[in-house]
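Just below is one structure, and these are the notes that go with it.
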Amino acid sequence: QGGGSAVIDMENMDDTSGSSFEDMGEMHQRMKEEEEEEAEGEAGAAEEEDGEFLGMKGLRGQLGRQVADQMWQVGKRQASRAFSLYANIDILRPYFDVEPIQVRARLLESMIPVKMINFPQKIAGELYGPLMLVFTLVAILLHGMKTSDTIIREGTLMGTAIGTCFGYWLGVSSFIYFLAYLCNAQITMVQMLSLLGYGLFGHCITLFVTYNIHFHSLFYIFWLGVGGLSTLRMVAVLVSRTVGHTQRLILCGTLAALHMLFLLYLHFAYHKVVEGILDTLEGPNMPPFQRVARDIPVVSNAVLNTTAKAIALTL
């Protein structure tokens with residue numbers, strides 16, 4: 001010491017003088033703990049935010065599932081209704097369940113007027129025969145349109161024929177059924193369709209013959225004979241099911257007039273009768289008659305004087 005020794009006595013050093021590694025370690029540990037606490041706090045806040053987001057997302061998922069379930073139920077109900085509609089077609093089966101022999105017998109009966117009108121006559125409640133007769137009338141009318149060179153400006157020949165025949169069948173049946181309801185006649189809509197449908201059998205025969213045989217008088221014979229018989233059959237059936245003379249007159253007169261006038265319309269609207277008669281009488285290649293002006297020669301005065309003297313001597 002006295003000689004200026006440079007030896008340092010480490011035992012006499014104060015621990016608190018200056019910084020130590022232990023204090024630095026403690027500070028570093030505290031800072032690390034604080035950072036961990038802050039990280040945990042941030043993680044907790046993030047978890048809370050994620051929970052809220054997942055909650056909203058779950059709510060949206062539940063709403064989506066509910067909407068999907070509702071759409072599925074609606075589609076299922078619509079599909080079940082469609083299948084039930086096809087299943088309800090079986091309801092119409094009794095109206096078309098008929099044997100060909102029965103249809104043939106009813107066709108023949110439609111041309112024979114009944115005599116007993118004191119009790120209601122039986123009407124076949126089936127639609128197979130009337131529907132086939134309407135389609136047959138459509139085919140015959142289409143044949144008449146083609147042979148007469150009918151020109152339809154709006155629509156087609158097939159559409160016009162179908163609209164005319166089905167329009168008459170359904171329209172007149174509905175109108176007569178409404179009139180029968182007012183006149184207190186005992187008949188249903190299906191029976192009215194069947195009665196009027198079988199009544200078209202006479203129209204089919206008349207038009208088929210007159211469209212192929214071009215005689216004007218032949219049509220009137222079939223119109224009064226065949227068409228009249230089918231009309232009388234329907235009139236007799238309605239008379240047997242209606243009470244009251246006035247009601248019978250109104251109902252049966254309306255039906256007879258519409259049925260006979262419809263046959264006249266089908267014949268004259270889609271068949272060239274007048275042109276066929278003129279071609280038969282004059283010939284298809286005969287030129288039309290023309291009037292030609294001729295020059296009259298001038299008569300001289302001498303001829304006139306001679307003629308006057310001859311007449312005077314005669315008198």
Test for I117: is it modelled with pLDDT under 90, more than 32 Å from the chain's Cα centre (by Cα), of a type outside the set (K, R) and assigned to a loop (DSSP other than H, G, I, E, B): yes
Residues within the stretch 181-192 that are assigned to a helix (DSSP H, G or I) and open to solvent by less than 20 Å² (accessible area, probe 1.4 Å), tallied: 1
Close pairs from the stretch 114-142: first closer than 10 Å to C204 by Cβ, partner open to solvent by 70 Å² or more (accessible area, probe 1.4 Å) and among the aromatic types (F, W, Y), Cβ under 9 Å, at least 6 apart: T136/F208; I140/F208
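I need the full set of residues from the stretch 193-211 which are in contact (Cβ under 8 Å) with a residue 24 or more places away in the chain and open to solvent by 30 Å² or more (accessible area, probe 1.4 Å), in order please.
Within the stretch 193-211, F201, F208 qualify.
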Boolean, L249 is farther than 19 Å from L266 by Cβ, open to solvent by 70 Å² or more (accessible area, probe 1.4 Å) and of a type outside the set (D, E, K, R): yes
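Could you name every one of the helices (runs of 4 or more DSSP H) located completely within the stretch 207-315 that has at least 3 residues being within 30 Å of L142 (Cα to Cα) and modelled with pLDDT under 75?
Answer list for the stretch 207-315: 273-282.
The values are calculated or read from the model by the stated rules, or taken from the named source; none is laboratory data. All figures in this text were calculated on a predicted structure; none of them were measured in a lab. Quick reminder, even Gly has a Cβ in these numbers, built from the backbone with ideal geometry, and neighbours come from all protein chains shown. The protein model used for the area step is the full one, side chains on, heavy atoms only, and it has no ligands, DNA or RNA in it. Shrake-Rupley method; radii C 1.70, N 1.55, O 1.52, S 1.80 Å.
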